[in-house]
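Worksheet for the structure shown next.
Bear in mind that the values in this text are calculations on the coordinates, not laboratory data. Everything numeric here is computed off the predicted structure, so don't read it as measured data. Positions of Cβ are backbone-derived with ideal geometry, glycine not excepted, and every protein chain shown enters the neighbour counts.
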Amino acid sequence: MSTLLKTKRIVITGGPATGKTSLIDFLNTLDYPCFPEIIREFTIEETEDKDTSDLQSNPIVFADDSLSFNQRLIDGRDKQYQESLALKNDFIFFDRGLPDVLAYMDFFGQTYESNFTDICQRASYDRVFILPPWKEIFEGDGERYETFDEASLLHNHLVERYTFFGNPPIEVPKGSVKERIEFILKTLDL
């Protein structure tokens, strides 16, 4: 009798500039299926024709319709999640999950309808790893505008949101990319 293994869906989250993308890129080199962060393409679109030289916060403040922006974002992450359901791999990794959208909306004091929370409740992640704020590696780039203090507050909102949806995040210790990946894989018993 064969045992069917359930695919495990793993989120790597954290505030801006904590090393998420580096970990996802490394996991890709190990041939794990990974879904990338999708907000960067939206950020580029929203700030394309606007002066961002004085921007000191997330570009959501530039969105002509922040609710529509966040709806597109949560729909995009939901699409990734739905696509993952067709994969038969043992482990699938996500650079951010659905509750990230709500954590950012909470941070910016934005309200949302129940459809936002309904989408998050339907998604079932097996583990959530969170990267803590890390001042030594924190830097802004062309699509990242938060300050370190904002990143620290966002971290707290992420912990709250994932915990609310039944996925209290496991904090990944600071270290090299390899050390962090080893921690994640060891925690997953790989």
With a cut-off of 18 Å, note down the residues of region 174-189 whose backbone N falls inside the zone around a label point 7 Å from the Cα of Glu136 toward its beta carbon.
174-183
At 7 Å along Cα-to-Cβ for each site, give me the label-to-label distance between Thr163 and Gln82 in nm.
3.2 nm
Nearest-0.05 FRET efficiency for Asn156 and Lys8, computed from C-beta distance (R0 30 Å):
0.70
Approximate spin-label separation Asn89-Leu30, in nm, with each point projected 7 Å along Cα-to-Cβ
1.1 nm
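Among rounded, prolate and oblate, which fits region 63-190 when a ≥ b ≥ c are the square roots of the eigenvalues of its C-alpha gyration tensor, a/c under 1.5 means rounded, and a/b larger than b/c means prolate?
Values: a/c = 1.77, a/b = 1.11, b/c = 1.59.
Since a/c reaches 1.5 but b/c is at least a/b, the shape of region 63-190 is classed as oblate.
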Quick calc: nm separation of the 7 Å Cα→Cβ label points for Asp149 and Ile170 -> 3.4 nm
